[in-house]
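All remarks here apply to the structure that follows.
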Amino acid sequence: GAKVDYMRPLRPGEVDPNPAYTPGYFKEWGFMPVRVTRRDVLFEGLGDEIVVRELHAWEAKSVPPEFVVLAATNACPVQAVRHRTRPIWGTQFHAERWDAAHQDGEVILGNFLKAAGLTPGP
C-alpha cells in the first residue's frame, strides 16, 4: 500500500555519486548517517544516529497505516519501518552491508535475528 518512486531529480550542479545507476536522479550512496526517530528493538545498543550503507535512488513516499516509521534522513524520511502489531520490519538502507569502520548494520541485523527468534537471546 505504500507509494514508491524516485527520490527526486538531481538539482543543477549536483554531483551524481553513481551516474551508471538511474542517471539524473538523486541518490543516497555509500555509508551515511540516519536518524533513529523512534526507539525499537532493531536499534538496541545504538545511539540516535546510525551510520549504514545506502544504495538507492528510490524511496517509499508513504507507509501503510499499520506501519510506523523508525528512522529517517532529510532526503529520505522513510528509512526503517515496523508493523504496529506484528514482528515485521523493513529498511531502506542495507543493514547486511558493513565494514570495520561502519558496524551499525551488523548490530541492526543481529538485533533483527534475535527479535525474529533466529538466534539465541541473552
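The values are calculated or read from the model by the stated rules, or taken from the named source; none is laboratory data. No experiment lies behind these values; they were computed from the predicted model shown. Heads up: the accessible areas ignore ligands, DNA and RNA and are worked out on the full protein's heavy atoms, side chains in. Shrake-Rupley method; radii C 1.70, N 1.55, O 1.52, S 1.80 Å.
Enter the accessible area per residue of segment 1-96 (Å², integer; probe 1.4 Å; all protein chains in place).
Values: 5240 Å² over 96 residues.
So segment 1-96 comes to 55 Å² accessible per residue, rounded to a whole number.
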Worksheet item: Per the 1.4 Å probe, what fraction of the accessible area of segment 8-122, in percent, lies on carbon and sulfur atoms?
Response: 56
Worksheet item: Out of these labelled values of mean projected area of the Cα convex hull in nm², (1) 8.4; (2) 7.3; (3) 14.0, which was calculated from the coordinates shown here?
Response: (1)
